[in-house]
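Student: Questions regarding the structure given below will be posed in turn.
Just so it is clear, none of the values below were taken in a lab; they were calculated from the coordinates. Just so it is clear, the model here is predicted, and its values are computed rather than measured. All Cβ positions, even for glycine, are placed from backbone atoms using ideal geometry, and neighbour counts span all protein chains on display.
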Amino acid sequence: MADHDMDLRGLNCPVPVMRLKKKMQTMASGQTVHILTTDPGSVPDFKAYAKSSGDKLLESKETPGGDFEFLLQRV
């Protein structure tokens, strides 16, 4: 169970990663956020975000319904 949830389905690059960045700035260290997107560009964008920010990408997968699901942790 994540501390926060974000439904970013229907938004296209770069909006999902921009909204993630804004949300992460409000979170305490150790908190997690669960995200749903429909944009396949979110997969490389969220990986790049985690690498550049130092936050942890704990999970990245495509759901059976075709959405993309992520779990990130604020460091």
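Student: Out of all the residues in segment 26-44, which are surrounded by fewer than 18 Cβ atoms within 10 Å (Cβ to Cβ), under 13 Å from the mean Cα position of the chain (by Cα) and over 13 Å from Ala2 (Cβ atoms)?
Tutor: Matches in segment 26-44: Thr38, Pro40, Gly41, Val43, Pro44.
Student: Which residues, taken from segment 9-44, are over 15 Å from Lys61 (Cα atoms) and either in contact (Cβ under 8 Å) with a residue 60 or more places away in the chain or in contact with a helix residue (DSSP H, G or I) (Cβ under 8 Å, 6 or more places away or on another chain) (or both)? Before you say what the answer is, go through the steps one by one.
Tutor: As a first pass, look at segment 9-44 and keep what is over 15 Å from Lys61 (Cα atoms): 10-32.
Once the filter is applied, which keeps residues that are over 15 Å from Lys61 (Cα atoms) and either in contact (Cβ under 8 Å) with a residue 60 or more places away in the chain or in contact with a helix residue (DSSP H, G or I) (Cβ under 8 Å, 6 or more places away or on another chain) (or both), segment 9-44 yields Leu11, Cys13, Pro14, Pro16, Val17, Leu20, Lys21, Met24.
Student: Please count how many residues of segment 52-71 are part of a loop (DSSP other than H, G, I, E, B) and among the acidic types (Asp, Glu). Full working, then the answer.
Tutor: Just the residues of segment 52-71 that are part of a loop (DSSP other than H, G, I, E, B), to begin with: 54-55, 63-67.
Those still in the list that are among the acidic types (Asp, Glu) too: 55, 67.
Going through segment 52-71 one residue at a time, the tally reaches 2.
Student: Among the residues of segment 1-60, write down those that are among the hydrophobic types (A, V, I, L, M, F, W, C) and more than 14 Å from Arg74 (Cα to Cα). Lay out the reasoning, then the answer.
Tutor: Going through segment 1-60, the residues among the hydrophobic types (A, V, I, L, M, F, W, C) turn out to be 1-2, 6, 8, 11, 13, 15, 17-18, 20, 24, 27-28, 33, 35-36, 43, 46, 48, 50, 57-58.
Correct list: Met1, Met6, Leu8, Leu11, Cys13, Val15, Val17, Met18, Leu36, Val43, Ala48.
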